[in-house]
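The values are calculated or read from the model by the stated rules, or taken from the named source; none is laboratory data. All values reported here derive from a predicted model rather than from experimental measurement. Every residue, glycine as well, gets a Cβ built from its backbone with ideal geometry; the counts of neighbours run over all protein chains shown. Protein only, heavy atoms only, side chains kept; ligands, DNA and RNA dropped before computing areas. Shrake-Rupley method; radii C 1.70, N 1.55, O 1.52, S 1.80 Å.
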Amino acid sequence: MVVKIFSREDCTYCQQAKEFLTGFEIDYVEEHQPTGQVPQIYAGDKHIGGYTELLELSQSFSEWEETFNV
């Protein structure tokens with residue numbers, strides 16, 4: 001399963017999301033998105049949302065495990 005983050009260089013939340021995933025040793029592919037709301041995070045075909053939704057997901061061990069297959 002591929003984790004993908006759509007982000008921009010000037011986005012603080014994008015950087016925080018990438019650091020958060022790295023802290024959990026979750027590999028991701030980053031795609032630059034020059035316009036629109038970022039970050040947008042996908043785990044395979046599942047749209048997680050942004051940084052706040054990523055943090056919310058991490059609060060449920062079972063959902064986190066199911067989403068990232070860890």
Determine which member of the set E19, E9, E63 is out of contact with any His (no Cβ under 6 Å at 6 or more places or on another chain), at pLDDT 95 or above and not hydrophobic (A, V, I, L, M, F, W, C).
E19
Note on region 12-65: residues touching a Pro at 6+ places or on another chain (Cβ under 6 Å) and within 17 Å of V2 (Cβ to Cβ) are A17
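Under the condition of being hydroxyl-bearing (S, T, Y) and assigned to a loop (DSSP other than H, G, I, E, B), which residue from region 28-53 is farthest from the chain's Cα centre (by Cα)?
Initial filter on region 28-53 (hydroxyl-bearing (S, T, Y)): 28, 35, 42, 51-52.
When the remaining residues are screened for being assigned to a loop (DSSP other than H, G, I, E, B), the result is 28, 35.
Values: Y28: 8, T35: 18 Å.
The residue in question is T35.
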Considering only residues that are open to solvent by 80 Å² or more (accessible area, probe 1.4 Å) and either within 16 Å of N69 (Cβ to Cβ) or in contact (Cβ under 8 Å) with a residue 40 or more places away in the chain (or both), which ones fall in region 3-53?
F24, E25, D27, D45, K46
In region 22-37, what residues are at pLDDT below 95 and aromatic (F, W, Y)?
F24
State yes or no: is E56 loosely packed, with under 12 Cβ neighbours inside 10 Å and part of a helix (DSSP H, G or I)?
no
